[in-house]
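The values are calculated or read from the model by the stated rules, or taken from the named source; none is laboratory data. No experiment lies behind these values; they were computed from the predicted model shown. Here Cβ is always computed from backbone atoms with ideal geometry, including for glycine, and neighbour counts include all displayed protein chains. Just so you know, the surface numbers come from the protein's heavy atoms only, side chains and all, with ligands and any DNA or RNA stripped out. Shrake-Rupley method; radii C 1.70, N 1.55, O 1.52, S 1.80 Å.
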Amino acid sequence: VVCSRSWVSSPTLVRQRSFGFALVQASCVQYRLVVRDASTLQILQLYTCLDQIQYIEWSSDSLFILCAMYKRGVVQVWSLEQPDWHCKIDEGSAGLVASCWSPDGRHILNTTEFHVSVNSSVLFSLFSLSLMNLGSLAGIAFTKDGRYMAVAERRDCKDFVSIFVCSDWQLLRHFDTETQDLFGIEWAPNGCVLAAWDTCLEYKILLYSLDGRLLSTYRAYEWSLGIKSIAWSPSSQFLAIGSYDEKVRILNHVTWKKITEFEHPATVASSKTIVYKEVEKSPSVETERLSFPPTRALASSLFSTQSKYDVSQVPVSLQHIKPVADRANPKMGIGMLAFSPDNCFLATKNDNIPNAVWIWDIQKLKLFVVLEQLCAVQSFQWDPRQPRLAVCTGSSKVYLWSPAGCVSVQVPMEGDFQIVSLAWHCSGDSVALLSKDNFCVCYLEREEVK
């Protein structure tokens, strides 16, 4: 199913923004930015920055790469078309805590430590980069088409949202929100509705139209920890809300009322749910093949373990962790949510049951599959082209699920390669796997049509 071609970086691979462009990927190692061909991993460009890179990001058209050095308060921008050209933005004593591109790929939004609003511009070639400091980037959201930007603000102990037109950065609407401490904002994919939700101390989510009208307010309960994660469906028809009570509630886009809720119990009892359990066993090696010293390939096979999935008979009891009640940010509730690109499935993770991924059938509004892993799930992400989910657990394996079944794939790398995050290519043909110090790219073979 999968073939893999790997490449090992020097230590401290800070962040790898995979595949902003169909044929190019970038990674950074200390002071150096490395741009590679995504199909061959051949180095195309090398750039040297002023300090250790802590964040990189492609512009939307993949012509420029932003490198942020937060400790130094500097952002450098590099051009793929003109390698000798570069841009430097120095925040000076104001400091720098976050940086990102606007959707048009011609503006950069920076957040300073003092959140001071500053406007400046840097002209280069035929384009213009405008620097805007507009508060925390966690409180900034763009519509999918890049036409509008929403910014969450707090003034005089009140929460506000400002909506700007990205073409000329003119203020379109400014309104206050009925929140105690606004935690996050996110546009629906169609750009018509903005969701704003309160701090986890209160379960409250508000839905606003583009002109600032309050469409609806939803509160599931009171006097307990509230919202932990949200996700819009690609069609904008559903809004999934994950909360600390280990449930996901689905709101519809017509009345903004709850149409169902998904529970995550420690025991899966339904006979209509498929439970895939990961099992491991050491490979057997024939004694006549043993030699001393063993070859590198033989040594690798001797000390590695194979992994596969077995279908478990229900009821199945999943590993459940009781959270520590007297600590902040308890590991409980729905910490991860993601809809499949075809709008048919929803993948969730309940932090109380860290080794399981729950996959729900959105058409039937029922639990479809549970993946029970040997280790805690670190990350999962849908293939952008089809309902295929990639999962990593901090081991040297990547796990792939589709409606046809699931598979465990051992990454053929020497040494200890613990995958902690992953990113799909926009074509769905490959996926980048990241450990703390290294990364590799797995290339998925296409099925031949007979």
If a residue must be over 17 Å from LEU41 (Cβ atoms) and crowded, with 17+ Cβ neighbours inside 10 Å, how many such residues does region 422-434 contain? 0
Listed by first then second residue, the pairs whose first member lies in region 162-182 and is open to solvent by 60 Å² or more (accessible area, probe 1.4 Å), whose partner is small (Gly, Ala, Ser) and not in a strand (DSSP E or B), with beta carbons under 7 Å and at least 6 positions apart or on separate chains, are ARG173/GLY212
Within region 36-46, does at least one residue satisfy the condition of being at pLDDT 90 or above, part of a strand (DSSP E or B) and crowded, with 20+ Cβ neighbours inside 10 Å? no
If you check SER396 against the conditions, is it more than 19 Å from the chain's Cα centre (by Cα) and polar (S, T, N, Q)? yes
Give just the number: which of (1) within 28 Å of MET149 (Cα to Cα); (2) without any contact (Cβ under 8 Å) to a residue 60 or more places away in the chain; (3) not in a strand (DSSP E or B) does TRP78 not satisfy? (3)
Those strands (runs of 3 or more DSSP E) completely within region 213-272 that have 3 or more residues that are touching a residue at least 24 places away in the same chain (Cβ under 8 Å) and hydroxyl-bearing (Ser, Thr, Tyr) are 214-218
Taking the condition open to solvent by less than 20 Å² (accessible area, probe 1.4 Å) and at pLDDT below 95, does THR199 pass? no
Result of the Cβ filter at 6 Å on region 382-401, keeping first residues that are closer than 11 Å to VAL431 by Cα and partners that are among the polar types (S, T, N, Q) and open to solvent by 20 Å² or more (accessible area, probe 1.4 Å), at least 6 apart or interchain, is ALA390/GLN381
Go through the residues of region 122-139 one by one and say whether even a single one is under 24 Å from the mean Cα position of the chain (by Cα), at pLDDT below 85 and closer than 25 Å to GLN30 by Cα. yes
How do the pairs read when you match residues in region 334-361 that are at positive phi with residues anywhere that are open to solvent by less than 10 Å² (accessible area, probe 1.4 Å) and hydroxyl-bearing (Ser, Thr, Tyr), using Cβ under 9 Å and keeping only pairs 6 or more apart or on different chains? ASN343/SER233
So for region 241-262 (the condition being closer than 22 Å to GLN381 by Cβ, modelled with pLDDT of 95 or more and open to solvent by 50 Å² or more (accessible area, probe 1.4 Å)), does at least one residue qualify? no
Would you be able to say whether some residue in region 396-407 is assigned to a loop (DSSP other than H, G, I, E, B), in contact with a strand residue (DSSP E or B) (Cβ under 9 Å, 6 or more places away or on another chain) and either open to solvent by less than 20 Å² (accessible area, probe 1.4 Å) or β-branched (Val, Ile, Thr) (or both)? no
Restricting to region 183-208, count the residues that are part of a loop (DSSP other than H, G, I, E, B), without any contact (Cβ under 8 Å) to a residue 60 or more places away in the chain and either acidic (Asp, Glu) or over 13 Å from GLY139 (Cβ atoms) (or both). 9
Filter result (surrounded by 20 or more Cβ atoms within 10 Å (Cβ to Cβ) and part of a loop (DSSP other than H, G, I, E, B)) within region 91-114: GLU91, LEU96, SER102
